[in-house]
Structures are given as C-alpha cells and as structure tokens.
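> Dropping the structure in here first, questions after.
The values are calculated or read from the model by the stated rules, or taken from the named source; none is laboratory data. Predicted model, so just to flag it, every value in this text is computed and none were measured. Note: ideal-geometry Cβ built from the backbone for every residue, glycine included; neighbour counts use all protein chains shown. Note: accessible area is taken over every heavy atom of the protein model, side chains too, but ligands, DNA and RNA are not part of it. Shrake-Rupley method; radii C 1.70, N 1.55, O 1.52, S 1.80 Å.
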Amino acid sequence: MSAESPGPKQSGFKAFWANALRPKKSRQTLRKGASRSMTDLRRMSTRPSTSLDEAPPPMPDLAPLEAHRLKYREAHANLDSQLGERQDYTAIIHTLGILDPEDTYSAALMDRENRPPGEEDITKVPPDVWILIASFLTPSDAASLTIASITLYRRLGPRYLSILQAPQNLSEKLTFLTRIDYSLPHHLLCFPCGRYHRRTAEGTERLKPAHVVNPLFECPEVLNILNPPPRTRITPGRILPFSFVQLLLRAHRFGPKYGIQPESMARRWTRDGWTYTSRFLIHEGRLLMRVTSQTFADPALPPSAQRLLLHSREDYWPYFSACAHWRDGELMPACRCALEHIPHPRATGGLQGLEHKVKDTWQKRVFDPNALTTLCGFCRPMRRCPECPTEYLIEVKLTEDKMDPRGLRFRQAIVVTRWSDLGDGTSPEGLEWAAVNGKSEDYDSFTHRNYAKRGIASWFEAAFTADTLPGQRVISLNPKRKKLGEKGHDWY
Ligand SMILES: [Zn+2]
Ligand SMILES: [Zn+2]
Ligand SMILES: [Zn+2]
C-alpha cells in the first residue's frame, strides 16, 4: 500500500518506516510550484515576441512598500510611535475642561479687591427676574444670593432667610451658615443648634480628656444626649470634638484669630498600660491625624491574654486608635500575628538550659533575648481601610521599661500607628469625617483621588522629615470587603 493511498492507517514497525520515508508534504508543494514556474518560463520563451509593439504597463508613482508606509502613517497620524497614545490636541484640551467636575474655581475673581462694583448691573435686571432666578435655587443658595448685596436684599426681601428657619431645612441652614464663617472670627458654628455661639475661650481652646468638662461656647443643647455634638473617638477616654477640627481649619483658611494651630493639639498620655502620642497636620486644606499607641507585650501570650492586651474592657474596642471599621477585615488578626512573633525566652536553668548553652557555644553564637523582631508578610505591611481614609502600621519594638519591678530594662512592645484624614472641617457631613466615623457608605480610599497614588502616612511623614519614607507596600485592611461588623468572628 502506498503512502498516499486512502484507507485505514497501518500500525507497527512497517508503518513507522513507511511514514518516516514518505516525502514531506511541503516539499511536494514546492516541487509542484517550481515545476510549474519552469514550464511557464519555457512557454514564455517559445512565444513569438510581440512585446515591442505593446505599451509597457504604467510605472506606479511610488514603490508598493513606500505607498503602504505612507498610507499607514496617514491612518495612525495621531498615535505616538513610542507609547501608542493618541496625540489629538483638540481632544486633550476638551477633556481638560471636564476632568474634575468636583473642582471649584471660586476665589480668583472674588478676592480681587479692585473689581468694578456690580450694583448697576444688578439694578438693570428687573426685580421679577431676580425672584425668578432665586426660585430655581436651593434654599441655601437663594439665601446666599439675598445677602450678597443690599440691592439684592431689596429685590428679594427676607423671604429666603426665613425659609431656612423651618426645622426640615436644618441642613440647608447649616450649608448657608458655613458660608458666612469668614465674617465671624469670634464665633463658632454649633451643628446641633444650627447657630453661631460666641467663643468663650478664644485662642486658648485646648483638647482635653473626654471626662473633663471643656466647653468652647455656651450652648443650650449641651446636656441634650439625643442631639450630641459631632465628635470622633481617638482612643478609650479620648475624643476629638468636631469643633476642634473647625477651629484648626478656620485658622488655616482665614487667619490665626479664627482658631488654633495644629501644633497646640499634639498630646502624649498614658492609660491602661498603653502610651499614646497624637499629632495633627493640615495637608491640602484637610486635617490629618496620627496616633501612635504602644504597650509592652510578653512573649508567647495565650489567645485570652492577647485579647486582654488589645481590647478595652469598657466597650471591647481596641486600646489602640482605630477607625469605625476595625471589626471587619484583618486589623485584629494582624495584631495577634505580630504578638506571635515576639521571641520566646529560653530556659536558663536545669538540663534544658545547659543544652541551649552548649548548642550556642558549639555554633559560636550568642543568644540575645532582646533580638530584633521580624514580622511576617501578613502583619508587616502598611494597611489601609478600604472604607475610610485611614492607614495602620503594626510594629514590634524593643522599648525601655522604667517601671518594670523585675528590673528588665528593655522589653518588646507592640506599636500600632494610625493615620487618618479628618476632612476639611466645614461640616460633619463632609466626605472624610463621615467615612472615618462609619457614616458614609460610598467612600473608597483606594480609588479616591486624594490617596489613589500616595498614602496618608506618606504625606504625613513627608511633612515632618526631610527625607521621604522608604517605599512601603500598602494593602487593604479588608481585601475581601466582607462586612460582618459585630457578627464577624475574627475581631475578638
Ligand atoms: Zn449650640
Ligand atoms: Zn506575622
Ligand atoms: Zn475605616
């Protein structure tokens, strides 16, 4: 049977050789093509020569390759040859205009002192038209328009100001009152009342522990527990009232007499065996806070002792500073993991101690119970809460313990540092403040433009040290985005 013949294929030794010696398919085709071209040539050579009478085919203007190259260039004229990006300048300029719809382009003209008075232009527009314009605005915008000038007030009357007094318009009223902050340096906006109160400790406002009565103004709502002033928890027994965020950012925006400086807010305190340090910074018009919490930790703690060390007995919140989302994700497991890495002490007496000593001498090493602790890939990286602008770093550090009765001068301590962005201080409904306090559902710290490229900790530390932080991996505190809150099992 020949190799080409159809039919069932042979198997075995004979078939193997038959297949191996069969000429290749590709070679056959080549030979066929070659023979055809040869016969064509022969035919051409035997043809009577009439080519001199026929006109030669017209020459193309360009060689085919060059023509193709030109055509390609024309089709891809706007593409960058290296990056493949489209270089359409018209499109670029158009996108610039719509890149950031959140951006406000205020101030520039408003702050110009010598701008021509606009009263005449305002009077040119009939009063009915101004009333029509105001009817399209929100109550807060209409009230702002009313007080913009005396002419406008005469046109619009007190109508839009009295609308704000309705209880259902409280948030509109607060929006309006926030806008006149600049004109009231000696007052502070009280959010539970929706009113400006006179500052009673002007310039000497100090942040104090939660149990210390520390009023910044006289407020009729101060004892109303159903309408508490907005505040955030720093650590057990320490809170940050929103009024302080207002004071810090007013001073930053308008001038020192409007509030206090962030340096005056730095604190160091101890409580329940923990030592805390807090520091504040204003970055791009928002308040950043760093709280370092540390406590001494013994090696080889059983799980129950780890819980006692980390969780406050009052409300089971962690002793260290944490955002509202600490129960979800890997914050507490990472802390427990860090505690596991603290080097275990060795038995120094008896047969076991002798064995250790012999081993150390044999391997020419010195056992150091205070050796540096290295954390693992799970507990070492910087963590960022996906739901609010907060970052955490867990460390185990060798720290001097002056109070230890056993006379151990140096002990391992767990240090949890938290960096948070507390927002621009205009309203407790603000994006960052609401997110840190767990009152905003739609904040994504990994995609929000403020921290998509550079972390909160990195911005904060760069402001205090000349050299920048070494590149630190920031991973999500809750990579699976599971929200179980109290019901989760891993937080305790
Ligand atoms: Zn009040
Ligand atoms: Zn670990
Ligand atoms: Zn959070």
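> I'm told Tyr451 meets every condition in (1) closer than 26 Å to Glu486 by Cα; (2) open to solvent by less than 10 Å² (accessible area, probe 1.4 Å) except one. Can you identify the failing condition by its number?
All conditions pass for Tyr451, except number (1).
Conditions (1) closer than 16 Å to Ile342 by Cβ; (2) more than 16 Å from ligand 1 (Cβ to nearest atom); (3) over 31 Å from the mean Cα position of the chain (by Cα); (4) modelled with pLDDT under 85, marked per residue:
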| residue | (1), (2), (3), (4) |
| --- | --- |
| Ala371 | yes, yes, yes, yes |
| Gly377 | no, yes, no, no |
| Cys388 | no, yes, no, no |
| Leu398 | yes, yes, no, no |
| Asp421 | no, yes, no, no |
| Glu432 | no, yes, no, no |
| Asn437 | no, yes, no, no |
| His448 | no, yes, no, no |
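> I would also like to ask the following. So how many residues does region 381-433 have that are surrounded by fewer than 16 Cβ atoms within 10 Å (Cβ to Cβ) and small (Gly, Ala, Ser)?
Counting residues in region 381-433 that are surrounded by fewer than 16 Cβ atoms within 10 Å (Cβ to Cβ) and small (Gly, Ala, Ser) gives 1.
> How many residues does region 455-473 hold that are at pLDDT 85 or above and not in a helix (DSSP H, G or I)?
Total meeting the criteria: 1.
> So is Thr465 away from ligand 3 (no atom under 14 Å from the Cβ), surrounded by fewer than 19 Cβ atoms within 10 Å (Cβ to Cβ) and on the phi < 0 side of the Ramachandran plot or not?
Yes, satisfied.
> If we keep just the residues of region 261-306 that are out of contact with any Phe, Trp or Tyr (no Cβ under 7 Å at 6 or more places or on another chain) and acidic (Asp, Glu), which is farthest from Thr232 (Cα to Cα)?
Per the criteria, the residue is Asp298.
> Further, regarding this structure: Within region 210-224, identify whether any single residue is under 31 Å from the mean Cα position of the chain (by Cα) and not assigned by TED's automatic domain parsing to the domain that holds Glu429, and answer yes or no.
yes
> While we're here: Just name the residue that is nearest to ligand 3 (Cβ to nearest atom) out of those in region 375-389 that are closer than 19 Å to Ile234 by Cβ and touching a helix residue (DSSP H, G or I) at 6+ places or on another chain (Cβ under 6 Å).
Among them, the one singled out is Cys388.
> Specify the residue that is surrounded by the fewest Cβ atoms within 10 Å (Cβ to Cβ); the eligible residues are those in region 273-317 that are in contact (Cβ under 8 Å) with a residue 60 or more places away in the chain and in contact with a helix residue (DSSP H, G or I) (Cβ under 6 Å, 6 or more places away or on another chain).
His283
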